[in-house]
Structure formats: structure tokens, C-alpha cells
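The values are calculated or read from the model by the stated rules, or taken from the named source; none is laboratory data. These figures come from a predicted structure and were not determined experimentally. Glycine gets a Cβ as well: all are built from the backbone with ideal geometry, and neighbour counts include every protein chain shown.
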């Protein structure tokens with residue numbers, strides 16, 4: 001555990017890091033970024049918390065069972081959306097033209113509409129969930145291993 | 001003797017691969033392929049996504065992204081298998 005200054009600054013900064021990561025994930029079909037990149041941004045915030053506080057403290061709020069459920073559900077949503085379009089072809093974008101995320105933008109450069117993209121925003125959310133949970137579990141397991149802590153089942 | 005035979009076989013395989021790469025691979029950007037023009041012109045209409053890169057990653061080449069997600073899943077599983085030290089109740093008592 002570091003000093004009180006570092007802990008206070010980390011407490012203030014984690015909010016902005018989470019908001020930026022969620023923005024990158026949710027706007028993956030409009031701006032550069034996506035599930036993998038935004039997930040990595042959020043995990044960098046988790047690493048900051050891990051440095052500022054000890055892994056013993058973070059172990060109380062990041063339950064390992066919750067992380068594994070999050071990662072598995074992200075993978076299942078992703079592959080389920082891929083299989084949902086299998087009536088035409090695997091990974092078919094079946095939501096284009098429907099009321100859910102179905103608006104079609106004009107061809108060419110444009111400001112972008114959040115309600116477009118078909119299954120792409122949903123897949124971005126699923127992959128973001130998966131990356132956040134998976135990489136957080138990896139970082140937390142490494143920190144707990146190096147500090148000699150144990151996970152209680 | 002086995003080493004010499006193996007070396008000769010390795011050289012034959014390498015020569016086969018290199019000659020195939022030099023002779024038959026598509027020359028870079030010449031002539032331009034049809035696929036990139038098709039994606040640039042039709043991606044916004046077909047996938048509804050303004051970010052064409054994301055529409056390629058998650059729609060046209062979605063199977064590749066599935067492989068990426070599988071790699072991540074396997075890596076997480078391996079790290080947790082190796083580094084997780086769980087305190088079990090029957091061992092501690």
C-alpha cells in the first residue's frame with residue numbers, strides 16, 4: 001500500500017479511466033477502438049488500483065468467481081451472436097435494418113449515429129466484458145501470487 | 001546419417017516454401033484486389049457501421065476475432081491454472 005496522496009489521486013482518477021474505457025467500448029462502431037482496446041484501458045485502471053492499494057484490499061472487491069462468470073458470459077454472448085446469424089452465414093450481421101441498432105448511415109464520412117451497426121456494438125460490449133474480466137483476473141492472480149496471498153473459495 | 005537426411009529434407013521443404021512464396025504469391029498492391037474496394041464502398045451500407053475497420057474485424061472477418069477471443073480465454077485459463085493458490089478448507093484443517 002502506497003502513501004495517502006497516491007491513494008487519494010487513484011481514487012479520483014479511476015472514475016475518469018472507467019468512463020473513458022466505457023466510451024471506447026460503446027463507440028467501437030463509430031470511432032477508433034473497440035472491445036479489446038477499451039477493455040485494456042479499463043484494466044489499466046485496475047492495475048493502477050492494484051499499485052495504489054494492496055492486492056489484499058483489492059481482493060475483497062474483485063471476487064474471482066464474479067470475474068470468471070463475467071468472462072464466460074462475454075464469450076457466450078459473442079459466440080451466441082455469431083451463431084444467431086447462421087441462417088445465412090456464420091457471423092452474419094442480422095440486425096441491420098431492424099429497430100435494434102439497425103439504422104444505416106449514409107455512405108461516406110459522417111458524424112455517426114450510436115444506433116447503427118447491427119450486432120457490432122453488442123459484440124464490442126461482449127468482447128469488452130470478456131477482456132476486462134480476463135485481464136483483471138490475470139493481473140490479480142499475478143499480484144496475489146507474488147505477494148503470497150491466497151484466494152479463498 | 002539421420003541428421004544428414006533430416007537436413008536434406010529440411011532444405012527441400014524450405015526451398016519448396018520459398019519458391020512457392022516467390023512464384024505464386026499475389027504481388028503486393030499490383031494489381032489492386034477487388035476485396036478492399038468492395039469493403040470500402042459497401043461496408044457502411046451492409047453493416048451499418050461508420051467505422052469500417054470495426055466492421056471488417058467483427059463482421060467480414062469475424063471468425064478471426066473468434067480466434068483472438070479464444071486465444072485470450074486460453075491465456076487467462078493457463079495463467080489462472082498456474083498462479084492461482086486457493087486455500088482449501090480440508091487442507092487447512
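Miscellaneous remarks
- Among the candidates A:78, A:94, residue that is outside any helix (DSSP H, G or I), closer than 25 Å to residue B:67 by Cα and either at pLDDT 85 or above or more than 9 Å from chain B (Cβ to nearest Cβ) (or both): A:94
- For the range A:115-136, the criterion of a residue being surrounded by fewer than 16 Cβ atoms within 10 Å (Cβ to Cβ), assigned to a loop (DSSP other than H, G, I, E, B), without any contact (Cβ under 8 Å) to a residue 40 or more places away in the chain and touching a strand residue (DSSP E or B) at 6+ places or on another chain (Cβ under 8 Å) is satisfied by at least one position.
- Residues of the range A:1-44 classified as surrounded by fewer than 16 Cβ atoms within 10 Å (Cβ to Cβ) and not in a helix (DSSP H, G or I), total: 5
- Restricting the range A:103-112 to residues that are free of Cβ contacts under 8 Å to residues at least 12 places away in the same chain and at the interface with another protein chain (Cβ under 8 Å from one of its Cβ atoms), the residue that is surrounded by the fewest Cβ atoms within 10 Å (Cβ to Cβ): A:108
- Complete set of residues in the range B:33-50 that are facing chain A (nearest Cβ under 7 Å) and within 24 Å of the chain's Cα centre (by Cα): B:47, B:49
- Of the criteria (1) surrounded by fewer than 17 Cβ atoms within 10 Å (Cβ to Cβ); (2) within 10 Å of chain B (Cβ to nearest Cβ); (3) within 25 Å of the chain's Cα centre (by Cα); (4) more than 20 Å from residue B:66 (Cα to Cα), which one residue A:100 fails: (2)
- Scanning the range A:9-25 for residues that are within 12 Å of chain B (Cβ to nearest Cβ) and in contact (Cβ under 8 Å) with a residue 40 or more places away in the chain turns up just one, A:25.
- All positions within the range B:51-77 that are more than 8 Å from chain A (Cβ to nearest Cβ) and over 19 Å from the mean Cα position of the chain (by Cα): B:52, B:77
- One residue from B:4, B:25 being over 19 Å from residue A:90 (Cα atoms) and either modelled with pLDDT of 90 or more or surrounded by 11 or more Cβ atoms within 10 Å (Cβ to Cβ) (or both): B:4
- Any hit, the range A:53-69, residues being under 21 Å from residue B:64 (Cα atoms) and either free of Cβ contacts under 8 Å to residues at least 40 places away in the same chain or surrounded by 12 or more Cβ atoms within 10 Å (Cβ to Cβ) (or both): no
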